[in-house]
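Accompanying notes for the structure given below.
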Amino acid sequence: MAAETRPGGRGPAFEVADFPKPPEIKGIGPLFAILGPAVIALGGTIGGGEWLVGPSLFVKWGLALLWITTVSSVLQTFLNLEMCRYTLYTGEPITLGFMRLAPGKVFWGWLFTIAGFLERALPGWALGAATAVAALQLGKIPGAADRPTVVVWGLIVFASCVVVMFFGRTIERTLEWANWIMMFVVLGGLLLLDLYIVPASVWWEGIKGFVSFGSVPTGVDILLLGALVGYSAYGGFGNNAISNWYRDKGYGMGSLVGYIPAAVGGKVVKVSPAGRVPRLTAENLDSWKGWWRLLNIDQWWIFFGGAMMGMFLPGILYVSSLPRGQDLPSWGIAASPASGLVQSLGNFGWFLALFFGFWILYSTAISNVDLVVRQSSDMLWWSLDWVRTWAREDIRRIYYPLLIIFFIWGVLFVNITLPLVIFAVSANIANFTMALSAILTIIVNRKFVPKEYRGSVLREVMLVASLLFFGFFFAMFLIHPGGLAKALGRK
């Protein structure tokens, strides 16, 4: 008997299956075992925006700009949830859902691949982490004359991120463990350091900054302001990749679709080229509600809460350690707090600042290496029959060659410009990706997700707000003299 199916738009039909039951959660241990994709995103979240872009603005213009993080983090959390609604229901990452819409898979596949490479494939994070390593080697904050040293270390850091992707049972699990460790160490360490060093007045200034809505100082750098919008929380292609990690984690119907295993320690897993959808039954709806609760815990507790803390803790550290109003050094920005901490903690402060600067940016670099390659692999696997035939139903034969291409691309552009400019341009492109993803998610969910599995109209209102908010800042980046033109003029 032929399998029951549902129409899939411009893509293959969905097969119908019963909704997998969510795990029973009894205690903190089992809860943390089922959570995880949000911490991978958090590892990417606490990176260029939090250690470079945000602090460079806060030191220059003040912590009142933290309201942008509040708005961006709330909107991104709603966007994540609605994109992952599609993944829970179908088992497919959201980008595959976009490819089911007109004008079809070729158009959307190429558009998101190009946007993803422009946004995440420039090695700004590895280069930023390298400024901390270079500072340790040189014994000082790197300057323009130290550019070759920073670039060499950037290449080493970038290569190490690629090597990590070869190990573990699943790549998602490897990323999850790496980021849990880094987040406990980094956030816990920053909290203790801030409690020791940062005066109460700066803590209060930062707290007020979260609700200082609309405060934009005259003369602020539009390029960096747009970057703060784009890389508060995760941003852009990274948000889309969260749905890929939930698929690999086995959330909802994702457990019936498959995952990308690692080259060393993994095994061949047949990843379905098309998703599965549940029947409309009371039992399936109950299972859906259980998975939806877990998804909300992961997103609001870990992603949103971590994003707010991740911008706040480094921000108040920079502001309390460095003179207000100064521009941070372009080739040594990841090590900038070190000079301030030396005055408070001596040589220990120097090493501590470099430690935090490196690991914050390194965790983001690792996540970025995977997320672009992962989405490109999934898009090829889903859209081209001959690719699956050539790969002998082993998606690793697609993932790892693309990983090598990604590495070569990054090596070619590692010396292109200043690390901060790479971050800023990438973050502004992220605003475009989020604005586009917001409107497409509304269309995808209305087209493929039955109303019984959809959310309230308020959630769609939040996606429209995302379109307007992120779209506005991307437009400012394109047309304002302080945006794209200024970026292209920097050396």
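The values are calculated or read from the model by the stated rules, or taken from the named source; none is laboratory data. Note that this is a predicted model, so its numbers are computed, not measured. All Cβ positions, glycine included, derive from the backbone under ideal geometry; neighbour counts span all protein chains shown.
Residue by residue through region 159-173, note down the ones that are modelled with pLDDT under 80 and touching a strand residue (DSSP E or B) at 6+ places or on another chain (Cβ under 6 Å).
Within region 159-173, F167, T170 meet the criteria.
If you take the residues of region 36-75 that are surrounded by fewer than 24 Cβ atoms within 10 Å (Cβ to Cβ) and outside any helix (DSSP H, G or I), which of them is modelled with the lowest pLDDT?
Checked region 36-75; the qualifying residue modelled with the lowest pLDDT is G36.
Restricting to region 158-177, and then to whatever is among the aliphatic types (A, V, I, L, M) and surrounded by fewer than 21 Cβ atoms within 10 Å (Cβ to Cβ), can you tell me which residue is farthest from Y400 (Cα to Cα)?
The extreme case among them is A159.
For region 287-304, indicate whether the set of residues that are closer than 30 Å to G54 by Cα, touching a Phe, Trp or Tyr at 6+ places or on another chain (Cβ under 7 Å) and at pLDDT 90 or above is non-empty. Show your work before the answer.
Residues of region 287-304 closer than 30 Å to G54 by Cα: 295-304.
Next, only the ones that are touching a Phe, Trp or Tyr at 6+ places or on another chain (Cβ under 7 Å) stay: 295.
Remaining after also requiring at pLDDT 90 or above: 295.
The answer is yes; a qualifying residue exists.
Scan region 276-300 for residues that are farther than 19 Å from A241 by Cα and either assigned to a helix (DSSP H, G or I) or among the hydrophobic types (A, V, I, L, M, F, W, C) (or both) and jot them down.
Hits for region 276-300 are V277, L280, A282, E283, N284, L285, D286, S287, W288, K289, G290, R293.
Within the bounds of region 178-188, is there any residue that is outside any helix (DSSP H, G or I) and within 19 Å of L42 (Cβ to Cβ)? Working first, answer last.
In the first step, residues of region 178-188 are kept if they are outside any helix (DSSP H, G or I); the result is none.
No, region 178-188 contains no residue that is outside any helix (DSSP H, G or I) and within 19 Å of L42 (Cβ to Cβ).
Within region 147-199, which residues are within 30 Å of P323 (Cα to Cα) and of a type in the set (F, W, Y)?
W153, F184, Y196
In region 445-482, which residues are of a type in the set (A, V, I, L, M, F, W, C), surrounded by 15 or more Cβ atoms within 10 Å (Cβ to Cβ) and over 29 Å from P7 (Cα atoms)?
Within region 445-482, A465, F469, F470, F473, F474, A475, M476, F477 qualify.
Being more than 21 Å from A144 (Cα to Cα), modelled with pLDDT under 80 and not small (G, A, S) is the filter; apply it to region 324-347 and report the residue that is surrounded by the most Cβ atoms within 10 Å (Cβ to Cβ).
L341
Matching residues to (1) buried (at least 16 other Cβ atoms within 10 Å of the Cβ); (2) free of Cβ contacts under 8 Å to residues at least 60 places away in the same chain; (3) among the hydroxyl-bearing types (S, T, Y):
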position	(1), (2), (3)
P123	yes, no, no
L127	yes, no, no
V133	yes, no, no
I156	no, yes, no
F184	no, yes, no
L191	no, no, no
A227	yes, no, no
G230	yes, no, no
G235	yes, no, no
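Per-residue answers, yes or no, for (1) surrounded by 24 or more Cβ atoms within 10 Å (Cβ to Cβ); (2) of a type in the set (D, E); (3) in a helix (DSSP H, G or I); (4) touching a strand residue (DSSP E or B) at 6+ places or on another chain (Cβ under 6 Å):
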residue: Y196; (1), (2), (3), (4): no, no, yes, no
residue: W203; (1), (2), (3), (4): no, no, yes, no
residue: K208; (1), (2), (3), (4): no, no, yes, no
residue: F213; (1), (2), (3), (4): no, no, no, no
residue: Y246; (1), (2), (3), (4): yes, no, yes, no
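Looking at the structure I just gave you, is L285 over 26 Å from the mean Cα position of the chain (by Cα), over 15 Å from M379 (Cα atoms) and touching a residue at least 40 places away in the same chain (Cβ under 8 Å)?
Yes: the conditions hold for L285.
Note down all Cβ pairs under 7 Å where the first residue falls in region 238-257 and is hydroxyl-bearing (S, T, Y), the second is at pLDDT below 90, and they're at least six residues apart or on different chains.
These pairs meet every condition: Y246/P37.
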